[in-house]
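Step one of this worksheet: look at the structure below.
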Amino acid sequence: MRDSWCDEIGVTTSRLTRDAQRILWAQAVRALAYGFGAVLLGATLDREGFSSGEVGLVLAAVVAGTVVSSLAVGRWGDRWGRRRSYIALYLALAVTGVVFAFSDQVWALSAVALTGAVSTEVVESGAFTSLEQSMLATELTGQERIRGFGTYNAVATAAGSVGALAAGAPDLLRRFWSGTPVDQRFFLLFVPAAFAGAAVACTLSGRVEAALRPRDQRRTAGLGQSRPAVLRLAGLFAVDSFGGGFVVQSFIAYWFAVQFDASTGVLGVIFFVVGVLQTASFLAAARLAERFGLLRTMVFTHLPSNALLVAIPFAPSLLGAALLLFGRTALAQMDVPTRQAYVMALVDPDERTPAAAVTNTARYVARPAGPALAGVSQSLAFGLPFFLAGAIKSAYDVVLWRWFRAVPLPEEPASSART
């Protein structure tokens, strides 16, 4: 399986434009750092003796920074210049790495987190993602865009998985070198990753920039005629993200441990397979979207995945629950690249950056409430979060289909018109 999707990534990447390939390289370096940092951050905050309230404040700053920076890029990114904004974010990531490596002050960690340069997710990482989606959409059209977004997400997931595995390197290194720095210092790895990303960003051509209208024709806001559709999509994506918040990976791991007494080692294997399936599903989604269309692929892979999600609490064994989770993962992730490509295809070219920012931000704003409510619902009935997540996400699919099935996409491949 691994060889097949690696080959698929290689073939698809070779067909992309030079700018698109460079964006994937920059994103891969950042995803590697994010995967590493996501594991390292929690362990570091715990070892430094931060209270649960202080940990919550830092993580809240990370989410808030993601939201604020996404909105800022959506409103002013095209006017500042996409390349310039992209480089500035990578430089902010370098500063973040230095502060996280040396500071033990909550206010300092929170302040740099508010820049929006750091993220605990590798696929949807705020302002970076908004810029990359709009630049890729400018470079690619039609089937190339669909495959490009599939590869884009697959590369992020694969690189982030490698980064997460690398987070265990400090402990391994201490077995051979007594002078290994404390874990916190390894945040300095963000610095070369950030400089590498900035260097790649500097090589992008002017073709990735937005074709801005003359000054007297520019809109004062980022969205124009696509505003109603984008706001509808943002609301729906927020609902989907809220539902997904009930079954984040940490909660599923907790549920498996309580229900089936699964060890940490077994859980590690399970979620490694989940990562592999996510990568493969991103690539498969592009092929399905070429044949059936973006919206059909989004809805009709997502709905059955919700049914598998609801079935997990009924599994009689850990193996059965894991197989249901694998099936759910293979289907549920197909709506990520198709969703991104759908937004880019739906709006005018000069509205892509704000549209990506608004829809991505809506997901970030809604998601944190899910885990908190999952804990409450779990106390009412064991496994209830799975039912709530499945119901909410299914409602999202049905409403999305009803609202947008008659909306034409200018660049939808002709083959996707088949019913």
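The values are calculated or read from the model by the stated rules, or taken from the named source; none is laboratory data. Model, not experiment: these values are computed from the prediction. Neighbour counts run over all protein chains shown; Cβ positions are idealised from the backbone, glycine included. These area figures cover heavy atoms from the full protein model, side chains too; ligands, DNA and RNA do not enter into them. Shrake-Rupley method; radii C 1.70, N 1.55, O 1.52, S 1.80 Å.
A few points about this structure:
- Count of region 353-395 residues which are at pLDDT 85 or above, under 22 Å from ARG328 (Cα atoms) and not basic (Lys, Arg): 11
- Condition check for ARG339: within 17 Å of VAL239 (Cα to Cα), of a type in the set (D, E, K, R) and open to solvent by 30 Å² or more (accessible area, probe 1.4 Å): no
- Residues of region 259-269 satisfying the condition of being among the aliphatic types (A, V, I, L, M) and out of contact with any Phe, Trp or Tyr (no Cβ under 7 Å at 6 or more places or on another chain): VAL266, VAL269
- Subset tally (residues that are within 25 Å of ALA330 (Cα to Cα) and either modelled with pLDDT of 70 or more or among the aromatic types (Phe, Trp, Tyr) (or both)) for region 34-54: 4
- Pairs, first in a helix (DSSP H, G or I) and of a type in the set (Phe, Trp, Tyr) in region 343-364, second open to solvent by less than 10 Å² (accessible area, probe 1.4 Å) and at pLDDT 85 or above, C-beta under 9 Å, six or more apart: TYR364/SER241
- Residue among LEU308, LEU318, LEU288, LEU303 that alone is of a type outside the set (Lys, Arg), more than 30 Å from VAL68 (Cα to Cα) and touching a Lys or Arg at 6+ places or on another chain (Cβ under 6 Å): LEU308
- Every residue from region 91-105 that is in a helix (DSSP H, G or I) and either small (Gly, Ala, Ser) or buried (at least 23 other Cβ atoms within 10 Å of the Cβ) (or both): ALA92, LEU93, ALA94, THR96, GLY97, PHE100, ALA101
- Residues satisfying the stated conditions in region 293-332, i.e. outside any helix (DSSP H, G or I) and surrounded by fewer than 20 Cβ atoms within 10 Å (Cβ to Cβ): ALA315, PRO316, SER317
- Here the condition is being at pLDDT 85 or above and polar (S, T, N, Q); of SER250, SER205, it holds for SER205 alone.
- Counted residues, region 212-235 - those being more than 20 Å from LEU400 (Cβ to Cβ) and at pLDDT 70 or above: 2
- Residue in region 79-90 that is in contact with a helix residue (DSSP H, G or I) (Cβ under 7 Å, 6 or more places away or on another chain), open to solvent by 20 Å² or more (accessible area, probe 1.4 Å) and either in a helix (DSSP H, G or I) or under 29 Å from GLN249 (Cα atoms) (or both) present: yes
- Any hit, region 396-419, residues being at pLDDT 90 or above and touching a His at 6+ places or on another chain (Cβ under 7 Å): yes
- Selection of first residues in region 181-195 that are over 21 Å from ALA26 (Cβ atoms) and in a helix (DSSP H, G or I) and of second residues that are among the hydroxyl-bearing types (Ser, Thr, Tyr) and open to solvent by less than 30 Å² (accessible area, probe 1.4 Å), restricted to Cβ pairs under 8 Å at least 6 apart or on distinct chains, gives the following pairs, ordered by first then second residue: ASP183/THR44; GLN184/THR44.
- Residues of region 132-149 that are open to solvent by 40 Å² or more (accessible area, probe 1.4 Å) and assigned to a loop (DSSP other than H, G, I, E, B): THR141 alone.
To keep it simple, each residue is scored yes or no on (1) open to solvent by less than 40 Å² (accessible area, probe 1.4 Å); (2) modelled with pLDDT of 85 or more.
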| site | (1), (2) |
| --- | --- |
| LEU114 | no, yes |
| GLY126 | yes, no |
| THR151 | yes, yes |
| SER161 | no, no |
| LEU172 | no, no |
| PHE176 | no, no |
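- Taking each residue of region 57-76 that is open to solvent by 10 Å² or more (accessible area, probe 1.4 Å) and looking for partners that are part of a helix (DSSP H, G or I) and among the aromatic types (Phe, Trp, Tyr) with beta-carbon atoms closer than 6 Å, six or more apart or interchain, yields VAL67/TYR364.
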